[in-house]
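The values are calculated or read from the model by the stated rules, or taken from the named source; none is laboratory data. The model shown is predicted, which means the values in this text are computed figures rather than measured ones. Counting neighbours? That spans all protein chains shown, and the Cβs are built from the backbone with ideal geometry, glycine included.
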Amino acid sequence: MPSLKFSIRGVQYEYIGGQEEIIAFLERFADQGAHPTEHKMTQRIAEEHGIESSSQRSSQMNPTQRTKPETEPIKITDLPLPDDETVMNYILSKPQYTHDLVEIQQKFFSRTFQSRGKDQRMYHRTARQLELVRKTIEKRFGGTFKGEPAGKRNLRRFIFVKTATIQSFSKPKE
């Protein structure tokens with residue numbers, strides 16, 4: 001399946017879909033205030049791949065036949081979370097199970113989310129999932145995660161500390 005990779009202000013995005021879906025995505029993107037030459041680029045890409053772009057189709061249609069695109073734009077808040085087992089395996093592969101929220105977001109979404117703004121829902125969804133995965137690891141391996149301040153933005157880096165178990169020793173028999 002074709003994919004489109006692009007970067008906006010240093011943040012990497014990847015859109016996966018059929019060729020017509022990618023063309024429709026580029027046209028929606030161009031219609032939302034992008035530079036007019038980018039719309040021409042969309043047409044050029046469609047022509048190179050032998051696909052009729054929607055602007056070409058719409059110019060051939062009667063104005064009363066024009067309809068909205070069938071697919072809605074992808075919202076950042078609708079991205080699926082990786083399953084808990086995948087996140088757990090990633091954390092367990094690190095020395096002392098060291099991790100932080102930014103690292104997990106970069107690994108699984110190729111970007112970071114902010115706690116305020118349009119992507120706050122994804123930030124809180126990933127933070128909650130990570131909290132539940134940490135609790136599962138703590139129960140399974142008998143320890144706790146200690147949060148240490150890391151970075152400029154008051155983020156915490158978590159390190160797993162094994163809980164010391166006290167064993168009762170009996171006196172050796174004489």
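Quick notes on this one:
Every residue, every condition in (1) outside the structural domain of G18 (by TED's automatic domain parsing); (2) surrounded by 17 or more Cβ atoms within 10 Å (Cβ to Cβ); (3) at pLDDT 65 or above, yes or no:
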site: R44; (1), (2), (3): no, no, no
site: E52; (1), (2), (3): no, no, no
site: Q56; (1), (2), (3): no, no, no
site: E70; (1), (2), (3): yes, no, no
site: L92; (1), (2), (3): yes, no, yes
site: I104; (1), (2), (3): yes, yes, yes
site: M122; (1), (2), (3): yes, yes, yes
site: L130; (1), (2), (3): yes, yes, yes
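- For region 72-90, the set of residues classified as exposed (fewer than 11 other Cβ atoms within 10 Å of the Cβ) and either modelled with pLDDT under 55 or closer than 18 Å to I16 by Cα (or both) consists of E72, D78, P80, listed by residue number.
- Residue check: Q96 meets all listed conditions (1) modelled with pLDDT of 65 or more; (2) within 20 Å of the chain's Cα centre (by Cα); (3) not acidic (D, E) but one, namely (2).
- Whenever a residue of region 138-157 is among the aliphatic types (A, V, I, L, M), its partners that are at pLDDT 85 or above and assigned to a strand (DSSP E or B), lying with C-beta atoms within less than 8 angstrom and at least six residues away or across chains, give the pairs A150/D100; A150/R156; A150/R157; L155/D100; L155/P149.
- A single entry from T112, T136 fulfils the requirement of being in contact with a helix residue (DSSP H, G or I) (Cβ under 9 Å, 6 or more places away or on another chain), not in a helix (DSSP H, G or I) and not hydrophobic (A, V, I, L, M, F, W, C): T112.
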